1. Let me check against my output: what whole-number percent is the relative contact order of the chain, with C-alpha pairs under 8 Å and at least 6 apart?
2. In the Gaussian network model of the chain, springs joining C-alpha atoms below 10 Å, which of 285, 184, 107 carries the largest mean-square fluctuation?
3. Measuring from centroid to centroid over Cα atoms, what is the spacing of the stretch 167-187 and the stretch 99-144 in Å?
4. I want to make sure I understand the PRE zone here: with the label point 7 angstrom from the Cα of residue 149 toward its beta carbon, which residues in the stretch 281-301 have backbone N atoms less than 18 Å away?
5. Counting alpha carbon pairs within less than 8 Å and at least 6 residues apart, what relative contact order, in whole percent, applies to the stretch 77-130?
6. In nm, to one decimal, how far is the modelled label at residue 126 from the one at residue 89, with both set 7 Å along Cα→Cβ?
7. Leaving out ligands and nucleic acids, note down the accessible area per residue over the stretch 170-301 with a 1.4 angstrom probe, in whole Å².
8. Hey, what's the stretch 70-165 come to in accessible area per residue, 1.4 Å probe, Å²?
Amino acid sequence: MKSPWIAALRSVALNVPDLALAERFYTETWRLRVVARDAGTLLLGGSGADHHVLALHQRSGVPTIRQVTLRARSAATLQTIADATAAAAGVVERAIGAARDAAGGVSLTVRDPHGRRYEIVHGDSLRTPEAPAPRDVPQRLAHAVLNSHDMPAAQGFLERALGFVLADRTRIMAFMNCDRDHHSIAFGDTDNDALNHIAFVMPTLDAVMRGGGRMKDAGHAIEWGPGRHGPGDNAFNYFIDPFGIVIEYTAEVEQIDDDYQPRGPSDWAWPPGRVDQWGISAPPSARLKEAQRAVRFAATL
């Protein structure tokens, strides 16, 4: 159960109005590390193999999501995806060429019919993962969740253009698989096409909890959690960053293979009053739900 073309989720790029504030928050509180910078861009990495997991760009106005970056299984795959994008009613926004960030490699940028932008890279720089993993530093991205006003179209594009496979479907979410992680992209079934949240893998459940305490100490309340999801079986704590972007610490993401059997909404129905497996978490805060509707894809880069 994996994509023949996409090997993994690598990074997410965002536009933010205050790069200095973003650097303080994401290094001092969220615990990423600066790996590259120029006058208007900051690349932040975790303790894992990816060159960077978050790209922040200085732009005035409200924050926006620029793109989700995926890593291709081969260089030849890029042309396959470009051809498949057109057949899936998408647009090739930037043809295959040298990548434009410090990670290098070659890249292709496509947009789906509703404007979601996906960059696909191959040959980008990798780092030697830190061993042992630091106790409270994010390792990599777990997933990006994107809202959709038209789930069949959003899901269909990911399947036809990028080779993703549906791992599970709940009443409000479609979980899309490309590698051993249960899902790397998911879609929230709603009335908008905003960024729902970005999830960062922590090395342990203990790290998710310690990260929650550190965020609370810094004045950032846990907006949902602690809990354990159904699809993906991952533990979670959700927060809102200084710009209104929803971010998640997670751990113990379920690893799946070709024997995994996708399940439907009736398989993921909780008893009344529950919002996760454990049954101890309060529902997501009203503030979180509002933030999950606010960050849209940038029209241009």
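The values are calculated or read from the model by the stated rules, or taken from the named source; none is laboratory data. Source: prediction; values computed, not measured. As a convention, Cβ positions derive from the backbone with ideal geometry for all residues, glycine included, and neighbour counts pool all protein chains shown. Side chains are part of the model used for accessible areas, which takes the heavy atoms of the whole protein and leaves out ligands, DNA and RNA. Shrake-Rupley method; radii C 1.70, N 1.55, O 1.52, S 1.80 Å.
1. 19
2. 285
3. 18
4. 290-300, by backbone N distance to the label point.
5. Dividing the mean separation by the residue count of the stretch 77-130 yields 30 percent.
6. So the two model labels end up 3.7 nm from each other.
7. Result: 43 Å² per residue.
8. Per residue, the stretch 70-165 has an accessible area of 40 Å².
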